[in-house]
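Have a look at the structure below, then the notes.
Nothing in this text is a laboratory measurement; each read-out follows from the coordinates by a stated rule. None of these values were measured; they are calculated from a predicted model. Backbone-built Cβ (ideal geometry, glycine too); neighbour counts: all protein chains shown.
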4 protein chains.
Amino acid sequence: MLARVRASFDRQGMMTTLGVEVTAVEPGRVEMSLRHDDRFTQQHGFLHAGAVASVLDTACGYAAYSVMPPDASVLTVTYTINLLAPAAGQRFTMTGQVVRAGRTLIVCRGEAFADGADRPFAAMQATMTVLHNGPGLSG
Amino acid sequence: MLARVRASFDRQGMMTTLGVEVTAVEPGRVEMSLRHDDRFTQQHGFLHAGAVASVLDTACGYAAYSVMPPDASVLTVTYTINLLAPAAGQRFTMTGQVVRAGRTLIVCRGEAFADGADRPFAAMQATMTVLHNGPGLSG
Amino acid sequence: MLARVRASFDRQGMMTTLGVEVTAVEPGRVEMSLRHDDRFTQQHGFLHAGAVASVLDTACGYAAYSVMPPDASVLTVTYTINLLAPAAGQRFTMTGQVVRAGRTLIVCRGEAFADGADRPFAAMQATMTVLHNGPGLSG
Amino acid sequence: MLARVRASFDRQGMMTTLGVEVTAVEPGRVEMSLRHDDRFTQQHGFLHAGAVASVLDTACGYAAYSVMPPDASVLTVTYTINLLAPAAGQRFTMTGQVVRAGRTLIVCRGEAFADGADRPFAAMQATMTVLHNGPGLSG
């Protein structure tokens with residue numbers, strides 16, 4: 001499972017560009033981290049909500065993927081993100097966790113933390129779908 | 001108003017990095033565009049949902065900003081995005097539009113289109129807040 | 001199609017209890033209306049957001065249902081509702097409209113209006129799923 | 001605080017009509033329960049998502065209210081609900097919990113459980129706003 005997550009993750013140009021690392025994978029839960037980067041800021045110099053959302057969405061996606069059958073792939077249907085405070089810090093940790101997995105839809109929650117704080121600065125509720133793969137589609 | 005939107009936009013490292021252009025600004029409505037870029041893809045080679053969400057969020061934010069008093073700044077409280085189809089194409093147009101503006105909260109809708117299609121491949125509902133600025137905060 | 005929508009609608013105890021009427025059905029769009037009722041208020045005497053959400057969700061559900069094959073049924077996966085102003089008025093009109101219909105997922109938008117106002121007091125973005133029926137399940 | 005929550009709750013016609021009880025209130029967390037009722041069903045005979053959402057929204061609202069200053073009142077700005085499974089059962093327990101409280105916005109999560117199950121059948125992420133009261137507004 002870990003190998004599948006990493007193989008799929010490595011194909012995501014966006015995650016490479018943002019400098020995201022997968023720091024933990026267990027069934028139903030994934031943790032990622034990234035550093036502040038001036039290329040991905042909003043107008044006040046904090047990490048852009050879009051970067052935060054990208055990583056939370058990916059963490060939720062792989063949390064869902066980690067409980068899917070080996071031949072399936074994952075797609076985000078929709079998510080809601082609350083931005084509770086600016087993404088102010090040097091190092092950000094983002095978690096994705098399965099709330100409940102159905103046969104075709106999996107709901108996850110994500111949380112983003114700055115510099116080891118225990119209160120999240122962003123919270124996500126995401127709906128993922130399971131695709132049973134045709135040829136050429138994986139991860 | 002246009003000048004304020006552009007000045008704030010130009011301070012967003014993320015928008016520069018993604019190569020986003022502001023193509024139209026009118027009171028309550030903003031349009032942006034960007035090109036496909038392999039640096040910002042998901043695992044199947046399409047534009048990453050995080051890039052799509054970043055631009056839609058920004059378009060909604062500036063739509064809200066365009067109806068605010070000159071001394072105010074805008075912050076995203078929360079948004080919901082539906083990813084209706086993969087972001088497959090060469091050129092993407094993203095719109096943000098005010099649904100209703102209150103004194104401190106403004107609700108907007110965003111839509112993303114690929115290569116001139118008339119059906120959106122992503123739809124957003126976003127809640128923005130108006131900040132009456134302290135020193136040093138603008139846009 | 002109209003007959004299918006009405007037959008399903010009539011089986012919803014909740015809609016009968018709230019006194020909701022279907023006022024228009026066309027492919028991809030449904031309109032419903034209800035009156036203020038003191039049984040369904042929040043603590044300040046306005047119609048409860050839960051009642052507003054119930055009717056908007058139902059309007060979106062039938063908008064989706066109206067573009068499905070005859071043997072399918074509809075289920076709400078998730079929705080986001082923004083409450084833009086109190087539900088103050090005597091008569092409320094709620095619309096549901098398909099944004100884009102996929103094979104298994106349909107995204108709709110809903111809007112709620114009070115007493116003929118042209119600005120909505122609530123806005124919904126909803127994700128519906130298509131169920132291909134087993135025996136005993138319809139509507 | 002408990003007295004304030006109960007006083008406000010008792011003014012909600014909708015909660016009385018649905019037969020909802022407040023079963024626990026602590027700072028930042030509220031639990032409510034209700035029984036299945038044929039008046040509030042959807043077309044397949046399960047409790048309507050609108051009834052589920054009403055109670056989850058209220059539980060989240062009072063969770064937020066429980067951490068506000070005594071002179072403030074609470075209003076729902078927006079929420080997202082995922083319906084993970086039908087609301088099938090006799091007795092439903094719904095919880096609301098504060099994720100993070102800011103000065104004017106409070107984000108909460110809600111979960112709904114049927115008949116003592118440990119997996120939720122619905123999950124909510126809600127954004128509440130704090131109103132500093134003018135005369136005549138409370139709760």
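Data overview
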| read-out | value |
| --- | --- |
| Label spacing, shortest first and in nm, from A:H132 to its equivalents in the remaining copies (7 angstrom along Cα→Cβ) | 1.0, 5.9, 5.9 |
| Degrees between helix D:49-65 axis and first principal axis of chain D (Cα, 0 to 90, nearest 10) | 30 degrees |
| Under Karplus coefficients 6.51, -1.76 and 1.60, residue-wise ³J(HN,Hα) of region A:85-95 in Hz, glycine/proline x | 6, x, 7, 9, x, 9, 10, 10, 10, 10, 10 |
| Convex hull of region D:62-106 built on C-alpha atoms - directionally averaged projected area, nm² | 4.3 nm² |
| Label point 7 Å beyond Cα along the C-beta direction, distances from B:D10 to other copies (nm, shortest first) | 4.3, 6.2, 6.5 |
| Sparse-neighbourhood loop sites, trypsin sites (Lys or Arg not before Pro) in region C:1-103 - DSSP loop, at most 16 other Cβ within 10 angstrom | C:R11, C:R103 |
| Test item: Cα-centred dipole of chain B, Lys/Arg +1 and Asp/Glu -1 on Cβ, debye | 260 debye |
| Copies compared at A:D37 - label distances in nm, ascending, label defined 7 Å from Cα in the Cβ direction | 1.1, 5.3, 5.4 |
| Kirkwood Rh, angstrom, the protein assembly as shown [1 / mean 1/r, Cα pairs] | 23.4 Å |
| Estimated FRET transfer efficiency when R0 is 25 angstrom, pair B:R39-A:R91 (beta carbons, to 0.05) | 0.70 |
| Hypothetical label at A:L131: residues of region B:76-113 whose amide nitrogen lies under 14 Å (7 Å Cα-Cβ projection) | B:83-89 |
| Size of region C:1-108 as Cα extents on the principal axes (Å, biggest first) | 42, 25, 19 |
| Over region A:66-139 - Rg/Rh using Cα atoms and the Kirkwood inverse-distance radius | 1.08 |
| Positive minus negative residues near B:V30 (Lys, Arg vs Asp, Glu; Cβ under 13 Å) | -1 |
| Among C:A72, C:V52, C:N82 - extreme Cα towards positive end, dipole of chain C, charges at beta-carbon | C:A72 |
| Contact order normalised by residue count of chain C, Cα under 8 Å, 6+ apart, percent | 25 percent |
| Of A:T129, A:T104, A:T58, the one that fluctuates the most in a GNM where chain A has Cα springs shorter than 10 Å | A:T104 |
| Burial ordering of B:T23, C:T127, fewest other beta-carbon atoms within 10 Å first | B:T23, C:T127 |
| For the protein assembly as shown, calculated [θ]222 nm from helices alone, where every DSSP H run of n ≥ 4 adds -39500 (n - 2.57) | -7000 deg cm²/dmol |
| Neighbourhood net charge (13 Å Cβ-Cβ; Lys/Arg +1, Asp/Glu -1) for D:G13 | -1 |
| Max mean-square fluctuation residue, GNM over chain D, Cα-Cα springs under 10 Å, options D:G110, D:G61, D:G45 | D:G45 |
